[in-house]
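Novice: What follows is a single structure, and I will ask about it in a moment.
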Amino acid sequence: MPTVRDLRTKAGEEPITMLTAYDAPTAGIVDDAGVDVVLVGDSVGNASLGYETTIPVTVDDVARHVGAVSRATDDALVVADMPFLSFGVDEKDSLENAGRMLKEEGAEAVKIESGPHTVELTEKMVQLGIPVMAHLGLTPQHVNQYGGYPRQGTDQDAAERILELARAHEEAGAFSLVLEHVPSNLAAEVTDAIDIPTIGIGAGPDCDGQVLVVDDAVGLSEWSPSFAKQFGSVREEMENAVEEYVTSVESGEFPAEEHSHEEADLEDIY
Ligand code: KIV
């Protein structure tokens, strides 16, 4: 079982791979493929729960999915994403919510969408034994403030703020940093400036690792962001299989003899 320390060692040697997973079968596939980190993202809200944003996702939602993922994961590091307002409002609640992911659900670390308000909290969590993955750049829990999902760090001031916050979270003890939807040259600079691994999503090739939402990577999502790459066509496969099922039932082709069992000893029932 890799630890957050193994991840730090791997950075700079070999690219780190991270994918989201929300359920046991997907986690098993991701883990068997040798992915280093499985993130139970609050993207479960869009990917699996039918929400338009991650705002409605609750601690109970994430906890349930973390449990499923960690039961199916043998090798990868399991990281639980803390949902909107589950951290940063009240310190005690933040620590209890994050602690629950480790204590009850089998996660080995948490990810928090970071900002100036999470530096002290990161330090406190780390002191208590909760490893923290920070997340800067586009933080989707700010969708209502952004009015969408725009690229971040595109002017000098904004880029410097991201670099400053990256340093502050490293100093606070974060073991890694997700950089989302930022210019690739900014991601390269941040990666150079800090010792903890950066994991990019829409942040170019120079981070220490890459992360994608699994539904985007395998081609299950109905829509995916322009920076995501589809490595398979799972949606098309499912559509074809479901259409064939409907046709087979309607035509009487399914169930066939091999899918049924007639009990010879049964007497007629009236
Ligand atoms: O929730 C999520 O899936 C994430 C990743 C995209 C980094 O935060």
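The values are calculated or read from the model by the stated rules, or taken from the named source; none is laboratory data. What you are looking at is a predicted structure, and each value in this text was computed from that prediction instead of being measured. Cβ: placed from backbone, ideal geometry, glycine included. Neighbour counts: every protein chain shown. Surface areas here come from the heavy atoms of the whole protein model, side chains and all, with no ligands, DNA or RNA. Shrake-Rupley method; radii C 1.70, N 1.55, O 1.52, S 1.80 Å.
Novice: Note the count of lysine pairs whose C-alpha atoms are less than 21 angstrom apart in the stretch 4-232, limited to pairs 8 or more residues apart or on different chains.
Specialist: Working: Lys10/Lys111; Lys92/Lys103; Lys92/Lys111; Lys92/Lys124; Lys103/Lys111; Lys103/Lys124; Lys111/Lys124.
For the stretch 4-232, the number of qualifying lysine pairs is 7.
Novice: Something else now. Using the alpha-carbon centroid of each, what span in Å lies between the stretch 215-238 and the stretch 96-134?
Specialist: 30 Å
Novice: Any idea what the relative contact order of the chain is, in percent, if you count C-alpha pairs under 8 Å spaced at least 6 apart? Can you show the working numbers first?
Specialist: Working: 489 pairs, mean separation 41.5, N = 270.
Worked out over the chain, it gives 15 percent.
Novice: Can you give the FRET efficiency to the nearest 0.05 for Tyr245 and Val89, using r as the Cβ-Cβ distance and R₀ = 51 Å?
Specialist: Rounded to the nearest 0.05, the efficiency is 0.65.
Novice: Related question: State, as an integer percentage, the relative contact order of the stretch 31-141 based on alpha-carbon contacts under 8 Å between residues 6 or more apart.
Specialist: Working: 181 pairs, mean separation 27.3, N = 111.
This gives 25 percent for the stretch 31-141.
Novice: Roll a 1.4 Å probe over the protein chains and send me the accessible area per residue for the chain in Å².
Specialist: That works out to 54 Å² for each residue.
Novice: Given the whole protein assembly as supplied and a 1.4 Å probe, what does the accessible area of Asp60 come to in Å², nearest 10?
Specialist: Its accessible surface works out to 100 Å², give or take rounding.
Novice: Same structure, new question: If every alpha-carbon in the stretch 4-232 counts as one equal scatterer, what log10 I(q)/I(0) does Debye give at q = 0.09 1/Å?
Specialist: One equal scatterer on each Cα of the stretch 4-232 leads to -0.31.
Novice: Taking a 1.4 Å probe, which of Leu49, Leu19 shows the most accessible area, and what order do the others take after it?
Specialist: Of Leu49, Leu19, the descending order of accessible area is Leu49, Leu19.
Novice: To continue, here is another question. Mind ranking His117, His261, His65, His169 by accessible surface for me, highest first, 1.4 Å probe?
Specialist: Working: His117 100, His261 150, His65 40, His169 0 Å².
These residues rank, largest area first, as His261, His117, His65, His169.
Novice: Compute the Rg/Rh shape ratio of the stretch 152-270: radius of gyration over Kirkwood radius, all on alpha-carbon atoms. Walk me through the numbers on the way to the answer.
Specialist: Numbers: Rg = 25.9 Å, Rh = 18.5 Å.
Checking Rg against Rh, the ratio lands at 1.40.
Novice: Which value, in Å² rounded to 10, gives the accessible area of Tyr245 with a 1.4 Å probe and all protein chains present?
Specialist: Result for Tyr245: roughly 130 Å² accessible.
Novice: Follow-up. To the nearest 500 deg cm²/dmol, what mean residue ellipticity at 222 nm is calculated for the chain from DSSP H runs of n ≥ 4 alone, each contributing -39,500 (n - 2.57), summed and divided by the residues?
Specialist: Computed ellipticity for the chain at 222 nm equals -12000 deg cm²/dmol.
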